[in-house]
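The structure appears right after this line, and notes come after that.
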Amino acid sequence: MIRDHFRVLVVDLETGRGSLASVPGRDDVAGGSGLAALLFRRYGFPDRPWDDPAQPVIFAIGPLTGYFPLMSKTVCGFMSPYHGQYAESHAGGRSALALRFADLDALVIAGRAPTLSCLVVGARSLRVRDVAFMRGMDVLASGKLLRRMFPGSGHRSILRIGPAGERGAATACINVETYRHFGRLGCGGALGAKNLKAVVILGDGDFSLPEGKAYPALFREVHEQLTATDMMSKYHNIGTPVNVTVLNELSALPCRNLQRTREEHIGGIAGERFARDTLLRNRACAGCPVGCIHIGFVREMFQQENQWVYRQVAYDHEPIFATGSMLGVGDAFQVLGILDAVERVGLDVISAGVGLAWATEATEKGLISESETIVPLRFGDAAAYRQAVEHLGRGSNEFYRLLSDGTAKAAKAYGGERFACVLGQEMAGYATGETFFVSQALGFRHSHLDSAGYAYDQKDVEKDARRAADFLVEEERTRVLLTSMVACLFARGVYTGPVLARCLDSLGYGTLAARLPDLARDVQALRWSLRAATGFDPDTVEIPKRFTEVRTWRGKVDEAYLGELRREYTARIRALMTRPA
Amino acid sequence: MKVLRTPRMERCIGCHSCSLACARLVHHRLSWHTAGLRIASSGGLSTDFEARPCLACDPAPCADACPTGAYRRRRGGGVVVKKALCIRCGSCAQACPVDAIYLDERGEPFVCIHCGRCVPFCPHECLEMVEIGEESP
């Protein structure tokens, strides 16, 4: 529905009741990232801890969601159990279109349910249902049961957490439609703290479209750009795992807890190998014809005489780096086996893989032993890692409980902080150099997607810290506009500012279309003001020694340049945090 | 006379582009329900997707069941729909043997009219328009 305000459902899990709020600000923040921040300012409590029952978990979509292709993602805004500050995580799947057809610009979930519960919302639904019987149930089993309990096949979205989320682990994710995730910074733990096992969104409404031919004609134009060119080929062909070989050849692939950036033999986990031998099929988020979700398979002989089970597991570059190269695991099927275990317990895969990589090096150095890890950890031992993932997800002992709250926390207790590969949170799969390391360490989401520092590293040879910091701020501003619409970032080549303005104009959002550059600045500042209000201090962020020890394709990391870039970027972030929004 | 067929649904990636195109172009709605073709997953995303298309029955039982003449038999199979004559009784949906007619919450029926406008939006050629009588076995 096209409207000049936001229609927001605010649910109190304690009472099981909700209310519809009409929130002004469409022309100020658009939706998505901007809306989540606006709603956190309205409903959140910056001075209270992340697990205070009153803290909201917010799911927000944008003005273009469902109206144009690849406008298919949802933004989750929450107080992070990882760092105790405001955070965002983004996911595809069907949740964006389901929220659109539930006629909600955002869903705000507050309170704590008295028992483990499932929230069901739709155009004509609001229920909080007791699902105490699902306590401890893994993500895949939960999905099967929820599909049976809440019919609506194809037009419903099922968000759920696993055992890791239930116990509030700071690296727990929210699984969406089995193959997508709100992955990072512990939004799964934030749901767990609310006693909320799942959110089912029924997309059971529909709307009139604007009169005239402008909108359908523009839709066709955008759709053709996104599908008729080879722009999207890299995403649906081999997919993001094509980066594994590229980065390895560049000496920029984090390997064995970032002790190196290149493996001599990487072919076993190259994207090409996954596509050739493990790929079953592709899937898409609702509203996206690209189909970038790559689904491979694992099979296990559970009994003699060829009695097999098989399971389907989604893969991408980040999961492959985290459970492959980072753990010294060199076989695609073994990687899928570890990913399957991670999916079941509901952990963020990057944090899980990078955490276990640290634990392995800590074992090698004698800082921890089997009395902590329960199973002996060795680089390359996939079977051990599968067991370790189960312990990590379920928090089998104090060591795993601490590690599942973040590698830096475990390293602080057991030693080995020097080689904990943490940049704000566990590092993403790019050891490209100083710009990436600084951009993830200080970036808003501590994500490689914040500002593409990894891409800048591959272009920049001049080591001009001011220019690099300007790039990071400008790139974040460009991206925050997209994540306020909410576009998949894979479509950023098509959805330029002018195209976004035309799309908004065709739907009747003329005022919003006219002020996009200002809006991007405003939302960027609004988000940073929330980080500031919830305690972020860029000067306290550690960049562990490992990041200056490792050699990348640019040679040894230049500590002086890294420090200079850090100072430049910190100054810009401080300016953003104090800019009136 | 052509009809819409869904011969390659095993290629479907679940993007809903076909349903959204039908709703947008034929019914002037933003919807994945109020369309002539709707996509469901058969047992979650780990299994296939299925389409629920009108099979262009000839004669069409939904047309025969319509008490007001809003549904008329289409030459070659399927129906021609005149929404202005529809009294929202739902008889068409009840008569359809393959659950191809969707009734919205106001009882308005939505069925495929075999216009083919959804076809170019499918990225994997799951759908096609074929001449009646020239279909692959």
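Structure values in brief
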{"read-out": "Distribution of pairwise C-alpha distances over segment A:504-555, 10 Å bins, in %", "value": "19, 23, 21, 23, 13, 2"}
{"read-out": "Protection proxy ranking, peptides A:492-504, A:68-80, average beta carbon neighbours within 10 Å, highest first", "value": "A:68-80, A:492-504"}
{"read-out": "Phi-based couplings in Hz for segment B:104-120 (Karplus 6.51, -1.76, 1.60; Gly and Pro marked x)", "value": "7, 5, 8, x, 6, x, 10, 9, 5, 9, 6, 8, x, 6, 6, 4, x"}
{"read-out": "Footprinting exposure proxy for B:C126, B:C54 (fewest neighbouring C-beta atoms within 10 Å first)", "value": "B:C126, B:C54"}
{"read-out": "Residues with amide H under 5 Å from that of A:L279, placed H, sequence gap 5 or more", "value": "none"}
{"read-out": "Cα shape, segment A:234-396, gyration tensor, a/c 1.5 rule", "value": "oblate"}
{"read-out": "B:L30 long-range amide H proximity, modeled H, under 5 Å", "value": "A:F207, A:S208, A:L209"}
{"read-out": "Inter-chain Cβ neighbour average for residues A:361-368, partner chain, 10 Å", "value": "0"}
{"read-out": "Cα gyration tensor shape for segment B:56-98, rounded if a/c is under 1.5, else prolate or oblate", "value": "oblate"}
{"read-out": "Distant-in-sequence amide H partners of A:G122 (H built 1.01 Å from N, under 5 Å)", "value": "A:L202"}
{"read-out": "For residues of A:167-178, the mean tally of beta carbons on other chains within 10 Å", "value": "1"}
{"read-out": "Charge sum, other residues only, whose C-beta stays under 12 Å from A:G192's C-beta, Lys/Arg counted +1 and Asp/Glu -1", "value": "+4"}
{"read-out": "Cα-based Rg and Dmax for segment A:375-421, where Dmax is the largest Cα-Cα distance (Å)", "value": "10.9, 27"}
{"read-out": "For A:286-292, mean number of other protein chain Cβ atoms within 10 Å", "value": "6"}
{"read-out": "Point-to-point label distance, A:E364-A:S396, nm (Cα→Cβ direction, 7 Å offset)", "value": "2.2"}
{"read-out": "Shape metrics for the protein assembly as shown, restricted to C-alpha atoms - Rg then Dmax, Å", "value": "25.5, 83"}
{"read-out": "Pairs beyond 28 Å (Cα-Cα), from A:K409/A:K459; A:K213/B:K82; B:K2/B:K83", "value": "A:K409/A:K459"}
{"read-out": "Footprinting exposure proxy for B:V111, A:V199, B:V98, A:V473 (fewest neighbouring C-beta atoms within 10 Å first)", "value": "B:V98, A:V473, B:V111, A:V199"}
{"read-out": "Cβ-defined net charge surrounding A:Q524, 15 Å radius [Lys, Arg +1; Asp, Glu -1]", "value": "+2"}
{"read-out": "Likely footprinting exposure, A:L253, A:L20, A:L126, fewest C-beta neighbours within 10 Å first", "value": "A:L20, A:L126, A:L253"}
{"read-out": "Local electrostatic count, B:I13, Cβ distance below 15 Å [Lys/Arg +1, Asp/Glu -1]", "value": "+1"}
{"read-out": "Distance from segment A:370-419 to segment B:1-55 (C-alpha centre basis), Å", "value": "46"}
{"read-out": "Over segment B:5-94 - Rg/Rh using Cα atoms and the Kirkwood inverse-distance radius", "value": "1.01"}
{"read-out": "Extended-chain gain in nm, criterion 0.36 nm per residue less alpha-carbon gap, A:E559 and A:R148", "value": "142.4 nm"}
{"read-out": "Gap separating the Cα centres of segment A:181-242 and segment A:70-92, nearest whole Å", "value": "15"}
{"read-out": "Relative contact order computed over segment B:56-98 (Cα-Cα under 8 Å; 6+ residues apart), in percent", "value": "41"}
{"read-out": "Of every Cα-Cα pair in segment A:74-232, the percent that sits beyond 21 Å", "value": "49"}
{"read-out": "Stretch gain in nm, segment A:R48-A:L449, where the contour uses 0.36 nm per residue and the Cα spacing is subtracted", "value": "141.6 nm"}
{"read-out": "Residue-averaged 222 nm ellipticity for chain B, from DSSP H runs of 4+ at -39500 (n - 2.57), nearest 500", "value": "-3500 deg cm²/dmol"}
{"read-out": "³J(HN,Hα) computed for each position of segment A:173-184 - Karplus, 6.51 cos²θ - 1.76 cosθ + 1.60, integer Hz, glycine/proline x", "value": "9, 10, 7, 10, 6, 6, 10, 10, 8, 7, x, 9"}
{"read-out": "Over 23 Å [Cα-Cα, segment A:328-434], rounded percent", "value": "18"}
{"read-out": "Over segment A:471-551 - Rg/Rh using Cα atoms and the Kirkwood inverse-distance radius", "value": "1.13"}
{"read-out": "Paramagnetic reach from B:T68 (point 7 Å along Cα→Cβ, amide N under 20 Å) across segment B:91-122", "value": "B:91-96, B:101-113"}
{"read-out": "Within chain A, helix-based [θ] at 222 nm, where runs of 4 or more DSSP H residues each add -39,500 (n - 2.57), nearest 500", "value": "-11500 deg cm²/dmol"}
{"read-out": "Per-peptide average of other Cβ atoms within 10 Å, ordering A:279-285, A:58-64 highest first", "value": "A:58-64, A:279-285"}
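Values in this text are rule-based calculations from the coordinates and carry no lab data. Given the structure is predicted, the values throughout are model-derived calculations rather than measurements. All Cβ positions, glycine included, derive from the backbone under ideal geometry; neighbour counts span all protein chains shown.
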